[in-house]
Amino acid sequence: MTDLRTDDQERVVSALYQKAEEIASKVVRNPRTPGTGLTQRLDSVFTSRKWSIPIMLALLATVFWITITGANTPSDLLTHLFYHLEGWLLIILAWFKAPVWLQGALILGMYRGLAWVVAVMLPPMAIFFPLFTLLEDFGYLPRVAFNLDHLFQRAGTHGKQALTMSMGFGCNAAGVIACRIIDSPRERLVAILTNNFVPCNGRFPILIVMGTIVASLTLGTETAGFLPTLVVLLGIGVAVIATFLVSKALTSTILQGEPSFFALELPPYRRPLLGQVLYRSFLDRTLFVLARAVVVAAPAGLLTWILANVSVGDLTLISYLTAWLEPLGRAIGLDGVILLAFILGLPANEIVIPIMLMIYLQAGTMLSLDGFGSFTSILVKNGWNVVTALNFIIFTIFHWPCATTLLTIKKETGRWYWVFLATIIPTLLGVAICFVVARIAGFFI
C-alpha cells in the first residue's frame with residue numbers, strides 16, 4: 001500500500017468507502033438523509049472553502065480577547081497578594097535571625113521568581129485553556145487540521161502534520177511525540193523539526209503579556225481594545241506561515257521525497273461536558289504547566305540572584321554576561337538582558353519574563369511589581385520601545401525549543417544531528433526577522 005502512487009491510493013480509499021456504503025445500505029433501516037444532520041450542517045460552514053479560515057481566525061481572536069481582557073484584574077490582585085505575603089516572610093526570617101544573604105536568596109531570588117510566574121501566568125492560563133478545551137471537546141480542532149491539510153500537502157509534507165501542529169499549541173514536546181502518527185520517516189522528521197514554530201502553552205502567556213505591553217507603549221493603556229488580541233493573533237499567524245515555509249524548504253532540500261496520502265475521518269460534533277472540560281483544562285493543562293514553571297522558576301530565580309550579587313572586580317557576574325551579549329542583542333532590536341533571560345530560561349519558556357525582570361532590577365535588592373503599569377515603566381526605563389516589544393514577541397516564537405522538547409526530539413529521532421537542526425533553524429530565523437524589523441524601524445524611529 002505504501003508503494004502506491006497518490007492517485008492510486010485515493011482510488012483505493014474511495015473504493016473502500018463506496019463498498020462500506022453499499023454494505024451499510026443493505027443493513028441500515030431508514031437512514032438519515034445525507035447532509036441533514038447537525039454535523040453535516042455545521043461542516044458545511046466550518047469546513048467550507050469560503051468560510052473555514054475566517055471562522056478559524058475569528059474563534060482564535062475571540063479566545064485571545066477574552067483571555068487578555070479577563071486576565072488583567074486577577075493578575076494585579078495576585079501581585080498585591082504576593083507583595084504583602086513577601087513582607088510577612090521577611091519578618092519571619094528576621095525573627096529567626098536569618099543572615100541577610102539568606103533572606104536575599106530565598107525572598108528576593110526564589111520567592112519573587114515564583115510569585116511573578118504565578119501572578120502573571122496563572123490567570124491567562126486559567127482562562128485560555130478551558131476555552132481551548134471547549135473547542136477541542138466540541139470537535140472543532142480536528143476541523144482545523146482538515147482545513148489546513150491542503151496547505152501541508154502543497155508544502156510537500158504529510159497532511160497529519162496539521163494534527164501534530166495543533167498538538168504543539170498545547171505542548172511542543174507532546175507535539176513531537178504525536179509525530180509518531182506519520183508513517184513516512186521523512187515526513188515525520190519534517191513535522192518534528194517544525195513543531196517548535198507554533199507557540200506552546202508555556203509561550204502563550206508571554207505573548208499575551210507582551211501584547212498588553214505593546215498596547216501600553218503605543219496607546220498608553222493596558223486594555224487598549226483589540227490591539228493586544230491583534231498582536232497575539234498576528235504572532236500566531238506568522239508562526240503558522242513559517243511552519244509552511246520551513247516545511248517546504250526542508251522537503252525541497254535535505255528531506256526531499258514524494259508526499260504520501262492519508263484519509264482523515266472527522267468525529268461528530270458533540271455538546272462539551274462543562275465539568276469535564278474545567279477538570280481537564282485545570283488539572284491536565286493549567287496546573288501541569290504552572291507546576292513545571294514553578295519547579296524551574298525557583299532555582300532559576302536563585303541562580304539569577306547569585307549572578308546579580310556575586311561580583312568580580314567592580315561588576316557583578318550578570319553584568320559581564322549581559323555586556324557580552326549586548327552587541328548581538330542591540331543588533332536585532334533587543335538587548336543583552338533579554339538574550340540572557342532566554343538562555344537561562346532554557347528549562348521552560350514560562351520563566352523568561354521573571355528572569356528578565358530580575359536582571360533589570362538587579363541592585364542587590366530587587367523591587368516588587370505593582371501590576372502591569374509598574375512592569376511597563378520598568379521596561380521603558382531600561383530602553384524598551386514598541387520595536388523592542390515586537391521583536392521580543394518574534395523571538396518568543398522563533399528561538400530554540402525548551403529543554404524538555406530537545407530531549408524528546410533526541411529520543412524520537414535517536415540522533416543529536418536532528419536536535420541541532422531543531423535548535424538552529426528557528427533561532428536563525430528569529431535572529432534574521434528581528435534584525436530586519438530593527439533595521440526597518442531604524443528609518444522611522
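The values are calculated or read from the model by the stated rules, or taken from the named source; none is laboratory data. The model shown is predicted, which means the values in this text are computed figures rather than measured ones. Here Cβ is always computed from backbone atoms with ideal geometry, including for glycine, and neighbour counts include all displayed protein chains.
Candidates in the range 412-429 are the residues that are without any contact (Cβ under 8 Å) to a residue 60 or more places away in the chain and not in a loop (DSSP other than H, G, I, E, B); of these, the one that is surrounded by the most Cβ atoms within 10 Å (Cβ to Cβ) is 419.
Could you tell me how many of the residues in the range 204-234 are acidic (Asp, Glu) and either at pLDDT 80 or above or buried (at least 24 other Cβ atoms within 10 Å of the Cβ) (or both)?
Within the range 204-234, residues that are acidic (Asp, Glu) and either at pLDDT 80 or above or buried (at least 24 other Cβ atoms within 10 Å of the Cβ) (or both) number 0.
For the range 313-355, the set of residues classified as surrounded by fewer than 17 Cβ atoms within 10 Å (Cβ to Cβ), aliphatic (A, V, I, L, M) and more than 21 Å from residue 108 (Cα to Cα) consists of 323, 328, 331, listed by residue number. Looking only at residues in the range 145-161 that are closer than 29 Å to residue 273 by Cα and surrounded by fewer than 22 Cβ atoms within 10 Å (Cβ to Cβ), the one that is modelled with the lowest pLDDT is 145.
Among the numbered conditions (1) within 13 Å of the chain's Cα centre (by Cα); (2) at pLDDT 85 or above, the only one that residue 201 does not meet is (2). A search for C-beta distances below 6 Å between a residue of the range 330-352 that is in contact (Cβ under 8 Å) with a residue 60 or more places away in the chain and closer than 15 Å to residue 394 by Cβ and any residue that is polar (S, T, N, Q) and in a helix (DSSP H, G or I), counting only pairs 6+ apart in sequence or on different chains, returns 333/391; 334/391.
So, in the range 55-102, how many residues would count as being small (Gly, Ala, Ser) and more than 30 Å from residue 229 (Cα to Cα)?
Total satisfying the criteria: 3.
Taken as a whole, the structure leaves residue 334 outside the set of residues that are part of a helix (DSSP H, G or I) and hydrophobic (A, V, I, L, M, F, W, C).
Restricted to the range 37-129, the set of helices (runs of 4 or more DSSP H) holding at least 2 residues that are free of Cβ contacts under 8 Å to residues at least 40 places away in the same chain and either among the aliphatic types (A, V, I, L, M) or buried (at least 16 other Cβ atoms within 10 Å of the Cβ) (or both) comprises 52-95, 100-103. Across the range 235-247, which residue is nearest to residue 426 (Cα to Cα) among those that are of a type outside the set (A, V, I, L, M) and surrounded by 17 or more Cβ atoms within 10 Å (Cβ to Cβ)? Of everything passing the filter in the range 235-247, 243 is nearest to residue 426 (Cα to Cα).
Listed here are the residues, each with its yes/no results for (1) under 16 Å from residue 116 (Cα atoms); (2) in contact with a helix residue (DSSP H, G or I) (Cβ under 7 Å, 6 or more places away or on another chain); (3) of a type in the set (S, T, N, Q).
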residue: 306; (1), (2), (3): no, no, no
residue: 310; (1), (2), (3): no, yes, no
residue: 315; (1), (2), (3): no, no, no
residue: 333; (1), (2), (3): no, yes, no
residue: 338; (1), (2), (3): no, yes, no
residue: 345; (1), (2), (3): yes, yes, no
residue: 349; (1), (2), (3): yes, yes, yes
residue: 353; (1), (2), (3): yes, yes, no
residue: 356; (1), (2), (3): yes, yes, no
